[in-house]
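To start, the structure itself, in structure tokens.
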Amino acid sequence: MTVLVAARDVRVRRALSGLVELVDHRTVSSADTATLGPPLDAEVAPELVVLEVDRGRETQDLSVIGQLADRGCSIIGVCSGVTSSAAVLAAGAAVCLDKEDAGFADRLAETVRTMSGSSAAGGQPQRSRCPPAR
């Protein structure tokens, strides 16, 4: 299972990547959210995207979520109390988690497990739904 962690702040990318790597030995890569904008990089073909919505660039980040969702990517949005969870979900994320929530790390781990298919019947991971950009 390949997971892409996208955030504008390198410290946030490292923290989220570290959390995701602890979940069933995931292969994690990271990118600055700004590099995922149009055109999307042809090499980016993750099975799951964990994307932090930056407070100062919410509009751009919601647009990136929409573009990834249009490509069929499974997206976990990560926001803080100020960003509307409803806006992240409306943009195309399957789930939006509040990083200021005390149980955030556990919720992220469980969401990654669920969305990657580890909790699915037979424990088989799902195939990538996010094809490379053309």
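Every number in this text was worked out from the coordinates using simple rules, so none of it is lab data. Keep in mind that this is a model prediction, so the values were computed, not measured. Because the Cβ atoms are built from the backbone with ideal geometry, glycine has one as well, and the counts that use them run over all protein chains shown.
The table below gives the values:
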read-out	value
Estimated distance in nm for a label pair at Ala86 and Arg55, the labels positioned 7 Å out from Cα along Cα-to-Cβ	2.1
Gain upon complete extension [Asp98, Ala34; 0.36 nm per residue less C-alpha separation]	21.0 nm
For a label point 7 Å along the Cα-to-beta-carbon line of Asp9, residues of segment 83-109 with backbone N under 13 Å	99-100
